[in-house]
Every structure is written in C-alpha cells, then in structure tokens.
There are 2 protein chains.
Amino acid sequence: MEEKRKRVEVCYTPGEYHYFKDEFEIVVVIDVLRATTAICVAFEYGIKSIIPVPTLEDALEYKKKGYLVGAERKGQIVEGFDFGNSPYSYMKDEFRGKDVVLTTTNGTKSIAVAKDADTVVIGALANLDALTEWLIKQNKNTLCLCSGWQDKFNLEDTICAGAISDALINTGDFTSVEDSSIAAKYLYLSAKDNYMGYLKSSSHRRRLKNLNLNEDIKYCLTPNKTSVIPILKDGKLTKL
Amino acid sequence: MEEKRKRVEVCYTPGEYHYFKDEFEIVVVIDVLRATTAICVAFEYGIKSIIPVPTLEDALEYKKKGYLVGAERKGQIVEGFDFGNSPYSYMKDEFRGKDVVLTTTNGTKSIAVAKDADTVVIGALANLDALTEWLIKQNKNTLCLCSGWQDKFNLEDTICAGAISDALINTGDFTSVEDSSIAAKYLYLSAKDNYMGYLKSSSHRRRLKNLNLNEDIKYCLTPNKTSVIPILKDGKLTKL
C-alpha cells in the first residue's frame, strides 16, 4: 500500500540539513533559547519585518544604513549593538511598524541554511499551537530544523521539534521515519509536563542562567504566548 | 571549585566527531545493529584479530591476499564475500585463531574516524557491564561515538551510549555537559526495561526486520552476552 501520509521529520543541527533538504516543502526553523522565541514576540508586539543575517559583518552594514540592528553571540549582546535576542527586548513601542535586522549565534544561521526551501517558517514553544494548526492545514512534508548550539545537538530545540511532530502525527495525516524524529518525540513526551525541570541540566539553560537570564528562559519555555507565525519571504521575515 | 570528575559524552554520528575529538582519551565506538555486537561475539568465539577497513576496495585487497573477509552494506552481505555482520556468522570454529577483515556500512567507518584517539575500544549492549567496569577503572575522559545510519542519528546506538554514560555517571567520578549526552541518558532510561519494544519503530530495526534479521536484532539488543572488550592497536582489533 502506498504511503499517503506526509512526513514530519527532525534535523538536529544546521550542519546536517543537507541530508534532509530535498524531501521537504516546509522547513520550520527552531531556536527556542532564544532567537525564534524572540522573533515570535517581536511580531506579537507589532514589528513590521525582521531581516535575519548570518554574520556580524552583514549586521554592521545594515547598522550603517540606519537600521535598528540586534546582534547576539554566545548569549550576550554584541558590543556596538542595541539589543540581542532576549524576548523582553522586543516588547517595546520603538519597534512597532519597523524593519529590524538580527544576527544570533545559532538561529539566524539556520534560517540562512534553509533559505532555499519552498516555505520557511519560524517555530518555538511560544507559537506551538498556532504553528502546528497551520502546518496541519498545509498538509505538506515538513522538516523541523533545530538550530542546536554551535552545530551540536541541543535539548530544547529537539523537544520543541518533538512537540510539533507529535501534534502532526496525532492527526493521522503525518508520519515520521527517521530515528532523530522518533527520539525527539520520546524526549518531548518525557519533558512536556515540566520543561523547566527537564531542561535544568541542559547546557544552554546553564549557560543563560550563568548570564542571569533566568527570566528569559522561563519565558521561552512557556508554550503559546502568541499565535503569530513568522514566515521568510525574499530574505525577510514577516507575519503570516 | 575545580571540576575533578572526568567527562563522559555522546557523539551521535561519525560526521560530528571533529567537534569532540580533542577532549577525550578514550573513544568507545558503538554500532549495536550489528557491527560492534558481531565484533564482540567474534572475540568471544575465539577469533584472533579483526582488521576493520572502511571501503569495499580495501576489503577486496585483503581477500586477494587470502584473508577471511566480511563485507556488509545496507544490511546485506556484499556479493563475493563470505559473511557480513550478523553476530551468528561469527559463532563458527573456522574463525578460531584467525585474523579476519571486516567492512560494514557504518561501524567500520566510525572506527576509521576515531583511529587516532589514544585508546579506541568497541562497545555494544553485548559487552555493556564488562566495558563500563573497565571504563570506570580507567577514569579517563570518555567519548561514546555512535555510528548512526549513513551519518544520521540512530536510536539503538544512542541508547547504548546512554547506558554507558549512566553507569559511569552513577559512580560519581564522571559527569556529562553536552546536551547530546543528557538526551542519550534520558532515552536509555526510558528504553532500558524493554529495548525491543522501545526500538520497534526505529528505522534500523524496520530495515533489518524487512531483511528477515529479527533473530539478529534480538541478539544485539540483549545486554551482557559476553565480557570481552575489543581494542584497536595499530589498525587491528584484538581482545583486551
């Protein structure tokens, strides 16, 4: 019998994207701590667009042209820039209706890696239900692309990817065949009742906690703060 | 306070080994289904040495020289070779005291990738307790290198790596800091009471089941069939 269900799979790092890329019409880029959460928040608070750029050099170019530019590396705002990827920094009136440029350690790199896919959307726990509802309606082969940490696996993105997969598979219209997807789902099912507890020993949580970013972590691990779905069009993120 | 515990970490695929390699004195190469299980069995049944080679071309060269040579690709014995990586194929008197050459889809590639580490040993569920006991005695920084499937994550190797990490961490002398290791441990803890059930949807189990290799799978997922620890010395595996 021919398999009529669409696939939903999980790729753990941008470095492994080339093993997956040709098989999926939709790529969901995930960087829970904190880029993709911050991007969702920014649109919730009325930002007009976000131009994600992979390097600091690109970001500086835009700054010279007068753009509002955010830059984060290793959890901290880069010197010379006004904001990084804290969700709280986007809850300001000054961003309303503006085009903003952003570069981060992992998230904006994943967006760059996936940019040639038919459709690229932004996923986080922050927009989980709205996103999965939309993905189910599209009914296309969907890849959850985790940003990881410096091209290594990370737990929070994987759990978010597992949550998305689980919701899609539960409709009966999607299936996963890759072990990475099966493991992501298992990890999500163990984590879902207590994300903070489950992630307490995760490397990125430790890293951000050491930078006194515990409030950011709590925010990023709280599902469904917003129902926006940011989408990439011509190199620019806008609200779907 | 300085961290005095040694690290035990998990690398999911040979392709990611370069992110880890400089920090570990011992590398445990894992390919549960089936190369590293078969290698353990071979030594249990009296083989003298195994020369792991990454390519079929290398394997053919040895065959011309008169060696007993095994070759497996995508779960099947390669045409022109006498055996592959079924553990059962090594339970024969003809191998006793012999030097054997082996190439497999994933396992022998991981050995090749790790060959320059101070110490390379072979791990599987088949030699779990003996191996972890030995690793604990060594008290060195230890990397579990999963072979994966064609450079993608696989579940059975990750669970075996999680089992090794868990045993080492439980002594209090080891710690993990990477998210890949934390996830491997979580996956092991959920899987340990029923490996067959947990892995029933895994891609490699499906693949081998389709090839009527269910008996092999059962064997490979049964812990502690043997207490041998194969070790790599000068390009050759021998019994420690």
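Every read-out reported here was derived from the displayed coordinates using simple, explicitly stated rules and does not represent laboratory data. None of the values given here were measured: they were computed from a predicted structure. Note that each Cβ is placed from the backbone with ideal geometry, even for glycine, and that neighbours are counted across all protein chains shown.
What number of residues within the range A:38-87 satisfy the criterion of being closer than 20 Å to residue A:208 by Cβ, not aromatic (Phe, Trp, Tyr) and not in a loop (DSSP other than H, G, I, E, B)?
The qualifying residues number 12.
Give the range A:76-124 a look and list any residue that's among the β-branched types (Val, Ile, Thr) and without any contact (Cβ under 8 Å) to a residue 12 or more places away in the chain, or say none.
Residue satisfying the conditions is A:77 alone.
Does residue A:33 satisfy being of a type in the set (A, V, I, L, M) and farther than 20 Å from residue A:151 by Cα?
In short, no.
Please return the ranges of helices (runs of 4 or more DSSP H) entirely within the range A:169-240 where 3 or more residues are under 23 Å from residue A:10 (Cα atoms). Steps first, please.
Numbers: elements: A:179-191, A:195-198, A:203-210, A:214-220.
Where helices (runs of 4 or more DSSP H) fall fully within the range A:169-240 and carry at least 3 residues being under 23 Å from residue A:10 (Cα atoms), they are A:179-191, A:195-198, A:203-210.
Residue check: is residue A:202 crowded, with 22+ Cβ neighbours inside 10 Å and either of a type outside the set (Lys, Arg) or out of contact with any Phe, Trp or Tyr (no Cβ under 6 Å at 6 or more places or on another chain) (or both)?
When the stated conditions are applied, residue A:202 passes them.
When you go through A:210, A:214 one by one, which is the residue that is over 23 Å from residue B:187 (Cβ atoms) and within 14 Å of chain B (Cβ to nearest Cβ)?
Only one candidate qualifies: A:210.
Can you tell me which residue in the range B:117-141 is surrounded by the fewest Cβ atoms within 10 Å (Cβ to Cβ), limited to those that are β-branched (Val, Ile, Thr) and farther than 20 Å from residue B:189 by Cα?
B:119
Would you pick out the residues in the range A:1-37 that are part of a loop (DSSP other than H, G, I, E, B) and of a type in the set (Ser, Thr, Tyr)?
The initial filter retains those residues of the range A:1-37 that are part of a loop (DSSP other than H, G, I, E, B), namely A:1-5, A:12-13, A:20, A:24-25, A:31-34.
Selection gives A:12, A:13.
Among (1) more than 14 Å from chain A (Cβ to nearest Cβ); (2) surrounded by 20 or more Cβ atoms within 10 Å (Cβ to Cβ); (3) small (Gly, Ala, Ser), where does residue B:180 come up short?
Evaluating residue B:180 over (1) more than 14 Å from chain A (Cβ to nearest Cβ); (2) surrounded by 20 or more Cβ atoms within 10 Å (Cβ to Cβ); (3) small (Gly, Ala, Ser) leaves (1) as the failure.
In the range B:18-48, what residues are surrounded by fewer than 24 Cβ atoms within 10 Å (Cβ to Cβ), within 21 Å of residue B:132 (Cα to Cα) and within 14 Å of chain A (Cβ to nearest Cβ)?
B:20, B:21, B:23 - these are the residues of the range B:18-48 that are surrounded by fewer than 24 Cβ atoms within 10 Å (Cβ to Cβ), within 21 Å of residue B:132 (Cα to Cα) and within 14 Å of chain A (Cβ to nearest Cβ).
Does residue A:100 meet the test of being in contact with a Gly (Cβ under 7 Å, 6 or more places away or on another chain) and within 21 Å of residue A:238 (Cβ to Cβ)?
yes
Can you tell me which residue among A:87, A:54, A:14 is surrounded by fewer than 20 Cβ atoms within 10 Å (Cβ to Cβ) and within 16 Å of the chain's Cα centre (by Cα)?
After applying the criteria, what remains is A:54.
Among the residues of the range B:184-203, which ones are without any contact (Cβ under 8 Å) to a residue 12 or more places away in the chain and within 8 Å of chain A (Cβ to nearest Cβ)?
The answer is B:190, B:201.
Restricting to the range A:144-167, name every residue that is assigned to a helix (DSSP H, G or I) and either facing chain B (nearest Cβ under 8 Å) or crowded, with 24+ Cβ neighbours inside 10 Å (or both).
Hits for the range A:144-167 are A:155, A:156, A:157, A:158, A:159, A:160, A:161, A:162, A:163, A:164, A:165.
Can you pull out the residues in the range B:91-143 that are under 30 Å from residue B:80 (Cβ atoms), assigned to a loop (DSSP other than H, G, I, E, B) and aliphatic (A, V, I, L, M)?
If the condition is that a residue be under 30 Å from residue B:80 (Cβ atoms), assigned to a loop (DSSP other than H, G, I, E, B) and aliphatic (A, V, I, L, M), then B:91, B:124 are the ones that fit.
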